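Participant: The following block contains the structure, expressed as structure tokens.
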Amino acid sequence: MKFDISVAMTWILFLALFPMAFFWLRRAWRIAIRRDFSEVAIKRGESPPNPEKFAPYAAGINLLAGVVIVTAIVGVLTARYDYATWTAMAGMTIWLKIIADFILARHAHPPRGKKQP
């Protein structure tokens, strides 16, 4: 049997979906239910001055991303999605989550050196 790197990468991506979904759904739970704002819009290791203002957006981003990843996992396990579909779902969700978190963190922190009105 010849080793194929694409099969290995597919398995790595699929197995990585489980902890990603767990952490994202747990983060949404912490923000929305437990009212723990310590992980909301982190920039350079610091929370924004008013994290409760941005908490609903962070919870929504994490909840939506977690649900899409769980849907992809269930679709693979039930053979509902083919390879192209579930990898597209997973890849786009990962990238859009990263971009959305980046935008939220930059929006939540005031620019340095400028006074707040």
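Participant: Among (1) assigned to a helix (DSSP H, G or I); (2) surrounded by 14 or more Cβ atoms within 10 Å (Cβ to Cβ), which single condition is ALA16 missing?
Facilitator: Result: ALA16 fails condition (2) only.
Participant: In the range 31-48, what count of residues is obtained for those that are in contact with a helix residue (DSSP H, G or I) (Cβ under 6 Å, 6 or more places away or on another chain), small (Gly, Ala, Ser) and modelled with pLDDT under 90?
Facilitator: Number of matching residues: 1.
Participant: For the list (1) in a helix (DSSP H, G or I); (2) touching a helix residue (DSSP H, G or I) at 6+ places or on another chain (Cβ under 7 Å), I need the number of the one condition that ALA84 fails.
Facilitator: Failing condition for ALA84: (2).
Participant: Which one is farthest from the chain's Cα centre (by Cα), of the residues in the range 1-13 that are exposed (fewer than 13 other Cβ atoms within 10 Å of the Cβ) and part of a helix (DSSP H, G or I)?
Facilitator: Initially, the range 1-13 is screened for residues exposed (fewer than 13 other Cβ atoms within 10 Å of the Cβ), giving 1-9, 11-12.
So of that shortlist, the ones also part of a helix (DSSP H, G or I) come out as 5-9, 11-12.
Values: ILE5: 26, SER6: 24, VAL7: 24, ALA8: 23, MET9: 20, TRP11: 20, ILE12: 18 Å.
Top of the filtered list is ILE5.
Participant: While we're here: If I filter the range 26-48 for residues that are out of contact with any strand residue (DSSP E or B) (no Cβ under 7 Å at 6 or more places or on another chain), among the polar types (S, T, N, Q), surrounded by 10 or more Cβ atoms within 10 Å (Cβ to Cβ) and closer than 21 Å to ILE99 by Cα, do I get at least one hit?
Facilitator: So far as the range 26-48 goes, yes, one or more of its residues are out of contact with any strand residue (DSSP E or B) (no Cβ under 7 Å at 6 or more places or on another chain), among the polar types (S, T, N, Q), surrounded by 10 or more Cβ atoms within 10 Å (Cβ to Cβ) and closer than 21 Å to ILE99 by Cα.
Yes/no per residue for (1) in a helix (DSSP H, G or I); (2) over 16 Å from the mean Cα position of the chain (by Cα); (3) closer than 24 Å to SER6 by Cβ:
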| site | (1), (2), (3) |
| --- | --- |
| TYR57 | yes, no, no |
| ILE69 | yes, no, yes |
| VAL76 | yes, yes, yes |
| ALA100 | yes, no, no |
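Participant: Does the range 55-74 contain at least one residue that is under 22 Å from LEU17 (Cβ atoms) and either exposed (fewer than 13 other Cβ atoms within 10 Å of the Cβ) or modelled with pLDDT under 95 (or both)?
Facilitator: yes
Participant: Sort out which residues of the range 36-55 are assigned to a helix (DSSP H, G or I) and either without any contact (Cβ under 8 Å) to a residue 12 or more places away in the chain or not hydrophobic (A, V, I, L, M, F, W, C) (or both), and write them in order of number.
Facilitator: Matches in the range 36-55: PRO51, GLU52, LYS53.
The values are calculated or read from the model by the stated rules, or taken from the named source; none is laboratory data. As the structure is a prediction and not an experimental result, all values here were calculated from the model. Positions of Cβ are generated from backbone atoms using ideal geometry, with glycine treated the same way; all protein chains shown enter the neighbour counts.
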